[in-house]
Every structure is written in structure tokens, then in C-alpha cells.
Amino acid sequence: MGPARGPEESAASLGVFDSGVGGLTVVRALRHHLPSEDIVYLGDTARLPYGNKSPETVIRYTRACVSVLLERGIKLLVVACNTATAHALPTLEKELDVPVIGVLEPGARAAAAHSHHGHIGVIGTRGTIASGVYQQALARLAPHARVLARPCPLFVPLAEEGWIEGPVPEQIAEHYLAEFREAGVDSLLLACTHYPLLINTISRVMGPKVTVVDSADATAETVADALDRLHTRAAPGNLGALTCMVSDSPDRFAETGRAFLGEAITHVEWVDL
Ligand code: DGL
């Protein structure tokens with residue numbers, strides 16, 4: 001993490017980045033935990049999905065997005081995309097002066113904390129699961145736990161379409177998740193920022209004995225701790241403005257993003273990446 005740079009930094013925004021609308025689930029948690037913080041969000045909707053792209057491509061895309069956010073003078077960067085966190089977080093931590101927080105560590109800690117019998121499931125994009133970063137983090141955080149990690153690629157388009165309830169999502173969830181249920185996992189981590197939209201369907205398929213863990217709240221708490229440590233929290237009376245930017249259609253983002261954010265998105269800027 002970089003150093004705090006004086007009181008004027010408190011007035012700067014948090015920068016949040018995802019491949020598309022999914023990171024708005026993290027923005028929602030940030031706005032709940034840190035209502036006074038201004039947030040600048042960038043969704044790289046023109047190049048979504050990141051989940052099936054190579055690490056090199058994801059790192060290249062991530063760098064481009066981050067440079068747009070840095071131009072806005074952000075005080076802290078939240079990588080609200082599991083795939084970008086998996087592939088690009090170490091690079092960003094090395095290259096940037098601003099503090100960087102990814103969804104990996106908070107999510108893995110929350111999944112470990114919710115597992116009472118030490119059998120943890122992780123679902124995410126192909127890229128996230130193949131990278132092995134969650135498996136490694138859980139091996140460190142919960143060394144005795146058994147970890148089952150699998151990709152659930154169709155959950156992303158279902159969430160994007162808002163097709164989150166009913167027989168089709170339920171059948172797809174059953175197809176992906178039966179293995180986790182049969183293996184007896186007691187904590188299932190949604191290691192993809194799109195998946196929280198399907199949490200009701202996923203929870204129903206997994207049954208009442210399984211805690212389905214979303215990393216958004218844990219990430220927001222980690223951001224709050226970092227701001228306290230760096231003395232860069234916004235003034236309590238600040239309005240907490242949200243600015244959204246996208247690399248593809250602003251209208252489509254505003255329409256889809258509403259369900260992810262839990263509130264209307266009134267203004268979206270297009271940026272050329
Ligand atoms: N938001 C991405 C993630 O959390 C999923 C969507 C994509 O594949 O780009 O991994």
C-alpha cells in the first residue's frame with residue numbers, strides 16, 4: 001500500500017473497477033458501509049467478459065482502466081472484479097502509488113470464517129478458478145479446510161440478463177452446484193462479482209445448511225479499515241456522490257446496473273479505453 005498524502009486526500013474519491021456491472025455489488029456495500037465517500041466507478045463493458053481471457057490480456061485491460069481512474073485523482077483503488085484481482089492485483093500493487101484493495105483476501109477470509117466444518121466451496125469464472133489464487137489463499141487462511149473450486153460461467157450472462165429466478169437459472173445452478181452439495185461444503189464463496197445477483201437461487205439449490213458468502217461486505221469493511229489507517233476518510237457530512245463510467249453503451253449499463261446497485265443510476269459517462 002502507498003502512503004497517505006495529507007488531508008486534501010480525504011476529499012478525493014474511491015476508484016472502483018470491474019469488467020462490467022458486477023462490481024456494482026461491491027459499490028452497493030461501499031455505499032452502505034461508507035456513505036460519505038465519493039465513488040468513481042468504471043465498468044469495462046466493451047471488453048466484458050474478462051473471465052475467459054488470458055492473464056496477460058486481463059492485466060493489459062486492467063492497466064488501461066486503472067489509468068482512467070487515476071486521472072480522476074482517486075485516493076484508493078478497489079478492484080471489484082475477481083478475475084482482475086486474480087490476475088492483476090500483484091502487478092497493480094507493485095506499479096501504483098495509491099493503495100489497492102482486491103476482493104480476494106476479504107472474500108477468502110469471510111468464506112473461512114463461515115465454515116464450521118472446514119469444507120469450503122469456491123465458484124467463479126474460469127480464469128479465477130484456473131489461477132488457483134483462492135485455493136492458495138484458503139490454504140493459508142484455513143490450512144485444515146478442504147476446498148472445492150469450480151467455474152460457473154453461465155451465471156455471468158444470467159446475471160447480466162437479470163434472469164436470476166425461475167426454472168432455467170435453477171436448473172443451471174443445480175448442474176453446477178450438485179457436486180458442492182454432495183461433497184458437503186458448509187460455506188460457498190461467490191468469487192465473482194456477478195454471482196450475488198443469483199444468491200437466492202444459489203442458496204435454494206445449496207440448502208439451508210450451507211452459508212453462501214458474498215465478498216462485497218467484507219471488501220467494504222477492508223476499505224473502511226484502510227481509510228482509517230491512512231486517515232483519509234471523507235468528512236462525515238459529505239454527500240457520497242457516485243459517478244459511473246463505461247466503455248460501451250451507458251444506457252444499457254444504467255438499465256442492467258440498477259439491480260446490481262440496488263438504486264437507480266442516473267448518469268453514466270462513456271470513456272474511450
Ligand atoms: N466481474 C467478473 C468477476 O468478478 C465476472 C465477469 C467477467 O467475466 O468479466 O470475475
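The values are calculated or read from the model by the stated rules, or taken from the named source; none is laboratory data. What you see is a predicted model; the values in this text were computed from it and never measured. Every residue, glycine among them, receives a Cβ derived from its backbone with ideal geometry; neighbour counts consider all protein chains shown.
Key figures for this structure:
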quantity: Enumeration of residues in region 107-133 that are outside any helix (DSSP H, G or I), over 13 Å from Val185 (Cβ atoms) and away from the ligand (no atom under 11 Å from the Cβ); calculated: Gly132
quantity: Residues within region 134-150 that are among the small types (Gly, Ala, Ser) and in a loop (DSSP other than H, G, I, E, B), tallied; calculated: 2
quantity: Looking only at region 68-92, and only at residues there that are within 16 Å of the ligand (Cβ to nearest atom) and part of a strand (DSSP E or B), the one that is surrounded by the fewest Cβ atoms within 10 Å (Cβ to Cβ); calculated: Leu77
quantity: Sole residue being of a type in the set (A, V, I, L, M) and modelled with pLDDT of 95 or more, chosen from Leu48, Leu24; calculated: Leu24
quantity: Pairs, first without any contact (Cβ under 8 Å) to a residue 40 or more places away in the chain in region 55-80, second exposed (fewer than 14 other Cβ atoms within 10 Å of the Cβ) and not in a helix (DSSP H, G or I), C-beta under 6 Å, six or more apart; calculated: none
quantity: Selection count, region 93-106, where residues are surrounded by 15 or more Cβ atoms within 10 Å (Cβ to Cβ), over 16 Å from the mean Cα position of the chain (by Cα) and not in a loop (DSSP other than H, G, I, E, B); calculated: 1
quantity: Subset tally (residues that are part of a loop (DSSP other than H, G, I, E, B) and not hydroxyl-bearing (Ser, Thr, Tyr)) for region 25-67; calculated: 12
quantity: Residue ID - farthest from Cys244 (Cα to Cα), chosen from residues in region 42-65 that are of a type outside the set (Gly, Ala, Ser), in contact with a strand residue (DSSP E or B) (Cβ under 8 Å, 6 or more places away or on another chain) and crowded, with 24+ Cβ neighbours inside 10 Å; calculated: Thr62
quantity: Subset of region 172-195 (residues that are within 16 Å of the ligand (Cβ to nearest atom) and crowded, with 23+ Cβ neighbours inside 10 Å); calculated: Leu188, Leu189, Leu190, Ala191, Cys192, Thr193, His194, Tyr195
quantity: Boolean, Gly166 is modelled with pLDDT under 95 and over 20 Å from the mean Cα position of the chain (by Cα); calculated: no
